[in-house]
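Undergrad: Following this message is one structure expressed as structure tokens.
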Amino acid sequence: MATLISQNAVSKDRGKKIKRKNPDLEEPLPLDVLQETKNPENMTTVKPKKKKKERKEDKQAETEQAIEMKKLENVLFGSLYPVEFGKNIEEEEEDEESALFFTDRSANSVLSVYEEDAKTGEIEIAATEDHAPRKPVWVDEEEEKTNINISKVNRLRKIRKEEDEKLISGSEYVSRLRAHHMKLNPSTDWARPDSHKRIYNSDESDQENGDFDGILQTTEDLVVSGSSKLLPGLLEYSRLVDANAQDPSSGPINSVQFHRNGQLLLTGGLDKKLRFFQIDGKRNTKIQSIFVDDCPIRKAAFTPDGSQVILSGRRKFFYSFDLVKAKMDKIGPLVGREEKSLEAFEISPDSKTIAFIGNEGYILLVSSKTKELIGTLKMNGTARALTFGNDGQELVATGGDGQIYHFDTRSMSCFHKGVDEGCLTGTALGMSPNGNIFAAGSDSGIVNVYNKEEFLGGNRKPMKRIENLTTKVDFIKFNSDAQILAICSSMKKNSMKLVHVPSFTVFSNWPPANKALQFPRCLDFSPGGGMMAMGNAAGHVLLYKLNHYQHA
């Protein structure tokens, strides 16, 4: 049809001479009339009688020619004009037999724009419904032919799956790099479209999915560690920059303690300086240093609420430093007491009471708010060590008679007393954060670990007897989750042990073999358990990272 139309296209001049048998007919000329124009001999010409008829026939011929040209363009190039409904009814009837668009197979069988768009839309809809991964738009065939040696470059060895693996294909190399990137930079769940699709149809689905929305409506800490159990045997740790590297002490360190935020650390020693450091494990920036002229510091500690620092020495008085106001206050001597030294004390977990060790077995209770004496407790022997329990409502003490006393701080009375097995003189005490177990050390180097309920019930046999130290026990400390117990003695080099509490075995790779601890004097764990700081007699505060714990 296209060939016939192109060869028999009627010119404008010759179209005027064609006689219309029916001049009132407004339809385009049929194809057989166009074919007769090829033979001029057979064509009959009739001169119009009126000029109006000639003008009408001229307009009709022009309209016919325009329609035929549009048909030709549509067949050759597709539909370039929008469809107008209600017009050219005959054209629509004739075009129903042909396709709305055609496929051009001349250019390497590539789909036309219309078919490609239609099929791409179908693929995208199917992928959205089935949640299938998207297919790559373009694939490089050279990747399969290329081989890459990943054993020669040091930074590419981390993507090996086997130790002796050397050559991999280009496509495998690309996929491993992408997998390694996703491992180092995991995407957030809220950015994934599928993470927002939840089912709320039934109560069972809610129970299975859990109340995840409640997590975003609270300020409580979230459990990040995948495994909360610390395994015995070897302790994974790493040495960091010394906590006081920017300002080492010129005398022995007697106190180190982390603030409740886990980033601030205080140190105090016999050089009369109280120092504060911001702990990050890399620089450990020094924040402030306070010189106390008349008191070599024997002990310094944060109050559990983190608002102030209490420090003391072998003096009749002690100091209180307000962290908010940056103001130092001197308190004492205590009214009605003649103690010449207030060097040993403990602060209750509720930050309300400070317990000082006094003379002749007396324990002095001081209000942390008013700094006044509010009561005294009495032991049969001399008092050597203290620790609080049950959120400050109980006070445990030991001393020269080798017995362990339990006091009620509300009634100011002793409600239990028991003998520490094998102990002549008690020198150290430590209570776990949950208050279930406590440890007592003696001057012989033996540490007994007791279950509190069993001890108060009359069973005086310890859960475990630790005999790894040979000199007087000076310090006992549990970490935040009571899985590690630290015991140390300042009378011997490297005389410090870390005990795995669930199994009651010491970690075999502690202390380090290079004898870097020197003479340990004090120790503290960060609130999250990720850091451990230890002060020694050389004036250094050694900082270690415990890899099992995620946060400081």
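The values are calculated or read from the model by the stated rules, or taken from the named source; none is laboratory data. Everything quoted here is computed from the prediction, not taken from an experiment. As a convention, Cβ positions derive from the backbone with ideal geometry for all residues, glycine included, and neighbour counts pool all protein chains shown. To get the accessible areas, we keep the full protein, side chains included, count just its heavy atoms, and leave off ligands, DNA and RNA. Shrake-Rupley method; radii C 1.70, N 1.55, O 1.52, S 1.80 Å.
Undergrad: Mind checking which residues of the stretch 393-421 are aliphatic (A, V, I, L, M), within 19 Å of L364 (Cβ to Cβ) and not in a loop (DSSP other than H, G, I, E, B)?
TA: L395, V396, A397 - these are the residues of the stretch 393-421 that are aliphatic (A, V, I, L, M), within 19 Å of L364 (Cβ to Cβ) and not in a loop (DSSP other than H, G, I, E, B).
Undergrad: How many residues does the stretch 370-386 contain that are open to solvent by 20 Å² or more (accessible area, probe 1.4 Å) and either farther than 22 Å from Y319 by Cβ or in contact (Cβ under 8 Å) with a residue 12 or more places away in the chain (or both)?
TA: Final tally of qualifying residues: 9.
Undergrad: Just to confirm my filter: which strands (runs of 3 or more DSSP E) fall fully inside the stretch 262-358 and include at least 1 residues that are over 21 Å from K477 (Cβ atoms)?
TA: Passing ranges, in order: 273-278, 285-291, 308-312, 318-322, 327-331.
Undergrad: Report, by residue number, each residue of the stretch 506-529 that is in contact with a Gly (Cβ under 8 Å, 6 or more places away or on another chain) and either part of a loop (DSSP other than H, G, I, E, B) or loosely packed, with under 15 Cβ neighbours inside 10 Å (or both).
TA: Hits for the stretch 506-529 are F507, S508, S526, P527, G528.
Undergrad: Let me ask you something else. Would you please name the residue that is nearest to F291 (Cα to Cα), looking only at residues in the stretch 226-248 that are touching a Leu at 6+ places or on another chain (Cβ under 8 Å) and assigned to a loop (DSSP other than H, G, I, E, B)?
TA: A243
Undergrad: Going by what's in this entry, would G389 be described as touching a Pro at 6+ places or on another chain (Cβ under 9 Å), open to solvent by less than 60 Å² (accessible area, probe 1.4 Å) and closer than 21 Å to K477 by Cα?
TA: yes
Undergrad: While we're here: Of the residues in the stretch 394-423, how many are more than 46 Å from the chain's Cα centre (by Cα) and β-branched (V, I, T)?
TA: So the answer is 1.
Undergrad: So R178 ticks every box in (1) open to solvent by 100 Å² or more (accessible area, probe 1.4 Å); (2) modelled with pLDDT of 85 or more; (3) touching a strand residue (DSSP E or B) at 6+ places or on another chain (Cβ under 7 Å) but one. Which box is left unticked?
TA: With respect to (1) open to solvent by 100 Å² or more (accessible area, probe 1.4 Å); (2) modelled with pLDDT of 85 or more; (3) touching a strand residue (DSSP E or B) at 6+ places or on another chain (Cβ under 7 Å), R178 is out only on (3).
Undergrad: Another question, if that's okay. Check F291 against each of (1) surrounded by 12 or more Cβ atoms within 10 Å (Cβ to Cβ); (2) among the aromatic types (F, W, Y); (3) farther than 25 Å from K497 by Cα and name the one condition it does not meet.
TA: (1)
Undergrad: Look through I476, I466, I487, I437 and report the one residue that is buried (at least 19 other Cβ atoms within 10 Å of the Cβ) and touching a helix residue (DSSP H, G or I) at 6+ places or on another chain (Cβ under 8 Å).
TA: So the residue among I476, I466, I487, I437 that is buried (at least 19 other Cβ atoms within 10 Å of the Cβ) and touching a helix residue (DSSP H, G or I) at 6+ places or on another chain (Cβ under 8 Å) is I437.
Conditions (1) on the phi > 0 side of the Ramachandran plot; (2) free of Cβ contacts under 8 Å to residues at least 12 places away in the same chain; (3) surrounded by 17 or more Cβ atoms within 10 Å (Cβ to Cβ), marked per residue:
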| residue | (1), (2), (3) |
| --- | --- |
| K325 | no, yes, no |
| P333 | no, no, no |
| L342 | no, no, yes |
| I357 | no, no, yes |
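Undergrad: Output the residues belonging to the stretch 362-384 that are over 21 Å from I476 (Cα atoms) and outside any loop (DSSP other than H, G, I, E, B).
TA: Y362, L364, L365, V366, S367, L373, I374, G375, T376, L377, K378
Undergrad: Now for a different question. May I ask you to list the residues in the stretch 394-428 that are surrounded by 16 or more Cβ atoms within 10 Å (Cβ to Cβ) and among the polar types (S, T, N, Q)?
TA: If the condition is that a residue be surrounded by 16 or more Cβ atoms within 10 Å (Cβ to Cβ) and among the polar types (S, T, N, Q), then T398, Q403, T409, T425, T427 are the ones that fit.
Undergrad: Is it the case that some residue within the stretch 249-256 is among the hydroxyl-bearing types (S, T, Y), open to solvent by 50 Å² or more (accessible area, probe 1.4 Å) and at pLDDT below 90?
TA: Taking every residue of the stretch 249-256 in turn, none turns out to be among the hydroxyl-bearing types (S, T, Y), open to solvent by 50 Å² or more (accessible area, probe 1.4 Å) and at pLDDT below 90.
Undergrad: Quick check on my filter: what residues within the stretch 148-157 are under 14 Å from S175 (Cα atoms) and in contact with a helix residue (DSSP H, G or I) (Cβ under 8 Å, 6 or more places away or on another chain)?
TA: Scanning the stretch 148-157 gives I148, I150.
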